[in-house]
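Data first, discussion second: the structure below is written as structure tokens.
The values are calculated or read from the model by the stated rules, or taken from the named source; none is laboratory data. Keep in mind it's a predicted model, so treat the numbers as computed, not measured. Positions of Cβ are generated from backbone atoms using ideal geometry, with glycine treated the same way; all protein chains shown enter the neighbour counts.
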Amino acid sequence: MSKKYIIALDQGTTSTRAILFNNKTEIIGISRKTFQQIYPKPGWVEHNADEIWETAEFVIRDLLGEVKVTANEISAIGITNQRETTIVWDKRTGKPIYNAIVWQSRQTEDICKALRTEEYEKLVKEKTGLVIDPYFSASKVKWILDNIEGARQKAESGNLMFGTIDTWLLYKLTGKQAHKTDYSNAARTMLFNINTLIWDKELLSIFDIPETILPEVCPSSDIYGKTKLFGEEIIISGIAGDQQAALFGQTCFEAGSLKNTYGTGCFLLQNTGKKPIFSKKGLLTTIAWGLNGEVIYCLEGSVFMAGAAIEWLKEGLKILPDVSKASEIAFSLNSNEGVFLVPAFQGLGSPYWSSESRAMIFGMTRSTTNAHIVRATLESIAFRTKDIVQVMEEESSEKITYLRVDGGATKNNFLMQFQADILGITVESSKVNETTALGAAMLAGLKSGFWKNLSELKNISRVDKVYNPELNEVSREKIYSDWKRLVATCIANYSHE
């Protein structure tokens with residue numbers, strides 16, 4: 001029987017999904033299951049790694065049953081995952097020795113604080129493209145080895161294994177046979193040298209982590225192993241971290257191309273080609289993927305509040321009856337009439353990195369209404385995106401002519417049109433909302449022969465809507481200049497604290 005489908009296993013922060021694609025990249029079926037969020041202390045976020053595995057196995061079985069597809073019709077499985085989330089397990093029993101420490105968790109702040117010397121900051125940036133922060137995996141591994149009884153001794157005697165979520169799922173899918181990860185996930189650990197493409201002994205020494213616990217690092221499109229859990233044997237041939245998978249799913253294959261995923265926050269990634277560009281202006285440098293014997297790098301910027309800011313209008317201020325009404329309300333005004341929101345609810349991310357800043361609303365008068373606040377909130381997401389796009393253009397020396405977008409907030413027509421207006425470039429929204437899963441499926445399918453090459457994937461039309469800029473350049477520069485001035489005011493207001 002010919003292979004008709006690819007499964008993407010998309011393991012996210014709050015749920016696990018299995019998505020079935022055909023060779024036209026159309027979605028045939030989806031199964032989703034949520035799992036528990038664990039908050040042992042303020043600022044700590046953990047998951048039960050066994051529960052995550054149970055949800056992964058469940059959604060694949062459920063998907064196959066729902067669409068009535070057998071395992072021998074599946075060409076391959078691709079995995080994409082919440083990045084940086086860290087699991088350490090016993091090599092002999094296969095059981096985690098502690099909960100998975102989630103990317104959001106700040107429980108390793110003290111470890112990072114102690115390492116933030118000028119020398120180490122420079123070293124980490126040069127080797128990994130990252131900043132010393134609890135976000136990344138290295139300090140999480142160290143915390144587990146230092147705080148769980150007997151863990152360090154087991155690690156040093158070669159009896160522990162570490163992995164990000166992709167590695168854990170692969171290990172379980174292959175019946176404990178494969179202990180591997182891909183370049184894009186390894187690059188988020190703060191232990192992997194993105195220049196030499198190997199685990200870095202100096203970084204391992206700084207974090208006091210034995211090399212024996214680390215997975216083998218492979219290209220993102222590669223034969224990782226096979227699973228026999230769903231009937232016939234299925235190969236696992238693609239792995240990528242969620243944001244890199246979305247970049248691939250958006251077919252941003254050329255240097256200079258970029259995508260923005262509008263979720264709770266925004267993640268912007270720009271393909272910078274075969275050489276890393278080390279940001280001097282507040283962006284992260286990381287690996288996009290490894291494919292066909294080449295490694296592709298990218299610049300990454302993050303906006304903390306996107307969909308979460310729209311939710312705040314509904315749940316916090318209670319001025320929005322439903323998030324689907326935000327676009328219509330914003331369009332009811334001809335302009336923002338001088339009302340701006342700087343959405344520093346959790347500080348400001350790239351390129352400002354001002355953790356002390358807090359949200360501020362500027363320019364209100366007696367005639368300001370709920371509609372002005374709604375419009376200012378939507379505009380703030382587009383402004384924050386432009387802040388990052390502008391820096392990417394400067395640092396990559398690539399003229400950016402379009403932005404590919406995905407995620408829930410792309411359904412908001414006002415936001416997408418204003419994004420095109422303030423950037424002065426075309427914004428293309430994807431027909432496939434699940435671009436993260438699609439990227440994992442594409443990486444797996446290229447290796448399994450389901451798709452022949454990148455050109456074949458590039459030629460499959462996936463653009464849903466195109467937004468062209470309608471604002472003239474003078475107006476664009478004026479409104480963005482006002483925005484920049486108010487962001488500076490906000491940062492200055494909190495910088496003394």
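Annotations
- When the stretch 340-381 is filtered for residues that are among the aliphatic types (A, V, I, L, M), outside any loop (DSSP other than H, G, I, E, B) and surrounded by fewer than 24 Cβ atoms within 10 Å (Cβ to Cβ), the ones remaining, listed by number, are Met360, Ile361, Ala371, Ile373.
- Any hit, the stretch 450-461, residues being in the same structural domain as Gly263 (by TED's automatic domain parsing) and surrounded by 21 or more Cβ atoms within 10 Å (Cβ to Cβ): no
- The listed residues are Val466, Val427, Val405, Val391, and the only one of them that is of a type outside the set (S, T, N, Q) and assigned to a helix (DSSP H, G or I) turns out to be Val391.
- When the stretch 32-65 is filtered for residues that are more than 23 Å from Trp89 (Cβ to Cβ), more than 22 Å from the chain's Cα centre (by Cα) and in a loop (DSSP other than H, G, I, E, B), only Pro42 remains.
- Any chance Thr426 is over 23 Å from Asp10 (Cα atoms), touching a Phe, Trp or Tyr at 6+ places or on another chain (Cβ under 8 Å) and not hydrophobic (A, V, I, L, M, F, W, C): yes
- Comparison of Thr189, Thr181, Thr212, Thr196 shows that the only residue that is assigned to a helix (DSSP H, G or I), of a type in the set (S, T, N, Q) and assigned by TED's automatic domain parsing to the domain that holds Asn48 is Thr212.
- With respect to the conditions (1) buried (at least 19 other Cβ atoms within 10 Å of the Cβ); (2) modelled with pLDDT of 95 or more; (3) not aliphatic (A, V, I, L, M), Gly129 lacks only one, and its number is (2).
- For the residues Ala288, Ala309, the requirement of being touching a Phe, Trp or Tyr at 6+ places or on another chain (Cβ under 8 Å), modelled with pLDDT of 95 or more and in the same structural domain as Val391 (by TED's automatic domain parsing) singles out Ala288.
- Verdict on Ser350 being under 30 Å from Tyr183 (Cα atoms) and without any contact (Cβ under 8 Å) to a residue 24 or more places away in the chain: no
Table: residues versus (1) surrounded by fewer than 24 Cβ atoms within 10 Å (Cβ to Cβ); (2) without any contact (Cβ under 8 Å) to a residue 24 or more places away in the chain; (3) touching a helix residue (DSSP H, G or I) at 6+ places or on another chain (Cβ under 6 Å).
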site: Lys201; (1), (2), (3): yes, yes, no
site: Ile206; (1), (2), (3): yes, no, no
site: Thr212; (1), (2), (3): yes, no, no
site: Phe230; (1), (2), (3): yes, no, yes
site: Glu233; (1), (2), (3): yes, no, no
site: Gly249; (1), (2), (3): no, no, yes
site: Leu258; (1), (2), (3): no, no, no
site: Thr261; (1), (2), (3): no, no, yes
site: Pro276; (1), (2), (3): yes, no, no
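- Ala437 being within 20 Å of Thr261 (Cβ to Cβ), small (Gly, Ala, Ser) and not assigned by TED's automatic domain parsing to the domain that holds Gly347: yes
- Criterion (more than 20 Å from Thr227 (Cβ to Cβ) and hydrophobic (A, V, I, L, M, F, W, C)) met by exactly one of Phe58, Phe35: Phe35
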